[in-house]
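Enquirer: Here it is, the structure in full.
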Amino acid sequence: MGHPRLREVAERVEACRGRGTLPVVVFDIDSTLYDTGPRNLRILEEFAEACRRSRPEIDALVERVRGTEIGWNVMDALRRAGCADPELLDDLGRFWGRRFFTDTFVVFDEPVPGAPSFVRDCHERGAFVYYLTGRHVGGMEVGTVQALVRDGFPWGIGRTLLHLKPDFETPDAAFKDEALRDIRSLGGEVVATFENEPGNANLFSRAFPGALGFLLETTHAPNPPPLAPGILRTPDLILPASVPSPVGRGSATPS
Ligand SMILES: [Mg+2]
């Protein structure tokens, strides 16, 4: 169940519309709207397929990884499953690096619980949905759009934008910094931002101090900075049910 203040996003979108201003909601994609675990697992399974003859121990390791949280990268997951062979881990790292950032594999990601309906609801109430992702043009845009459409996220209609990195090499943090200018160029009001990296969540919080800043508690890069005060942690994007009034005290003033 998501953070209780997720409900406030819809209210702020509508209030903003009421003032005649364009409400903007910014969503990161990896580990914010999508769980990258299935993509990592799929790559690991193909790796096992490719090296099974020379590495008969790989199947037992993959089986151990399967039931766990994969986390930030699949090499660490394999290590945690008991693999202490640096050569095998290096081979997997190279195999993973050639596949993870591709259209072919990105479609294996699965939406974070509640994400499609949450984003749809924001859009239907009038928000501009700004997908801001470290995925890059020239390798990931086709798979990203296929997945967004397949999973029912608003896309390809008014008030939606997918902002990707111009190329693979651009560092994520520098890219997101520059992207702030593009978000401001819409001339609207950023009412909420969603991120899984504490560093990026802090960046949004500084750039848009009036917005609700959410941090998805999924996974993030190692050694994150401390989270800035006021950022709201949520495990997913499932709207919490509104609290029913106690029977017979429907109009009681909250204490
Ligand atoms: Mg992310």
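Bear in mind that the values in this text are calculations on the coordinates, not laboratory data. Small disclaimer: the values here were computed from a predicted structure and weren't measured. We place every Cβ from the backbone using ideal geometry, glycine too, and count neighbours over all the protein chains shown.
Enquirer: Once you charge only the Cβ atoms, +1 for Lys and Arg and -1 for Asp and Glu, what is the size of the charge dipole of the range 37-106 about its Cα centre, to the nearest 20 debye?
Expert: 100 debye
Enquirer: Moving to a separate point now. Sort Val62, Val137 by Cβ crowding within 10 Å, fewest neighbours at the top.
Expert: Going from sparsest to densest Cβ surroundings: Val137, Val62.
Enquirer: Estimate the FRET efficiency between Val149 and Glu45 by the formula 1/(1 + (r/R0)^6), using the beta-carbon distance for r and 25 Å for R0, to the nearest 0.05.
Expert: Computed FRET efficiency for Val149 and Glu45: 0.50.
Enquirer: Taking each pair of different alpha-carbon atoms in the range 188-233 once, compute 1/r for the pair, average those values, and report the inverse of that mean as the Kirkwood hydrodynamic radius in Å to one decimal.
Expert: This gives a value of 10.5 Å.
Enquirer: Please list log₁₀ I(q)/I(0) at q = 0.18, 0.31 Å⁻¹ for the range 83-135, using the Debye equation with identical point scatterers on the alpha-carbon positions.
Expert: Summing over Cα pairs of the range 83-135 leads to -0.78, -1.12.
Enquirer: Also, quick follow-up: Within 10 Å of each residue's Cβ, count the other Cβ atoms and sort Thr160, Thr234, Thr170 from fewest upward.
Expert: So the ranking, lowest neighbour count to highest, is Thr170, Thr160, Thr234.
Enquirer: May I ask you to evaluate 6.51 cos²θ - 1.76 cosθ + 1.60, the Karplus curve with θ = phi - 60°, for each residue of the range 16-23 and list the ³J(HN,Hα) values in order in whole Hz, giving x for glycine and proline?
Expert: 5, 4, x, 7, x, 10, 7, x
Enquirer: Most mobile of Gly138, Gly67, Gly199 per a Gaussian network model of the chain (Cα springs, under 10 Å)?
Expert: Gly67
Enquirer: Return the distance in nm (one decimal) between the two label points of a simple spin-label model at Leu89 and Arg5, each offset 7 Å from Cα along Cα→Cβ.
Expert: The two pseudo-label positions are separated by 3.9 nm.
Enquirer: Give the residue list of GluC sites (Glu not before Pro) in the range 95-177 that are DSSP loop and have at most 11 other beta-carbon atoms within 10 angstrom.
Expert: When the GluC sites (Glu not before Pro) of the range 95-177 are filtered for loop state and at most 11 Cβ neighbours within 10 Å, Glu169 remain.
Enquirer: So what's the angle, to the nearest 10 degrees on a 0 to 90 scale, between helix 198-207 and the longest Cα principal axis of the chain?
Expert: Result, in degrees: 30.
Enquirer: Any chance you could give the angle, 0 to 90 degrees and rounded to 10, that helix 86-97 forms with the longest Cα principal axis of the chain?
Expert: 50 degrees
Enquirer: Using only Cα atoms, find the angle between the long axis of helix 37-51 and the longest principal axis of the chain, and express it within 0 to 90 degrees, rounded to the nearest 10.
Expert: Helix 37-51 sits roughly 10 degrees off the main axis of the chain.
Enquirer: Here is a follow-up. Could you work out which residue, out of Ala173, Ala77, Ala192, moves most in a Gaussian network model of the chain, that is, has the largest mean-square fluctuation with Cα springs under 10 Å?
Expert: Ala173
Enquirer: Please quote Rg/Rh for the chain to two decimal places, taking the Kirkwood radius as Rh and restricting both calculations to Cα atoms.
Expert: Value, to two decimals: 1.03.
Enquirer: If the viscosity is 1.567 mPa s and the temperature 4 °C, what Stokes-Einstein diffusion coefficient in µm²/s follows for the range 1-151 when Rh is the Kirkwood radius over Cα pairs?
Expert: D, rounded to a whole number, is 74 µm²/s.
Enquirer: How big is D, in µm² s⁻¹, for the range 37-106 by Stokes-Einstein at 25 °C and 0.890 mPa s if Rh is the Kirkwood radius over C-alpha pairs?
Expert: Stokes-Einstein gives a translational diffusion coefficient of 206 µm²/s.
Enquirer: Sorting Ile70, Ile157, Ile231 on the 10 Å Cβ count, fewest up front, what's the list?
Expert: Lowest to highest Cβ neighbour count: Ile157, Ile231, Ile70.
Enquirer: What's the whole-number percent of alpha carbon pairs in the range 119-218 lying beyond 17 angstrom?
Expert: Result for the distance tail: 55 percent.
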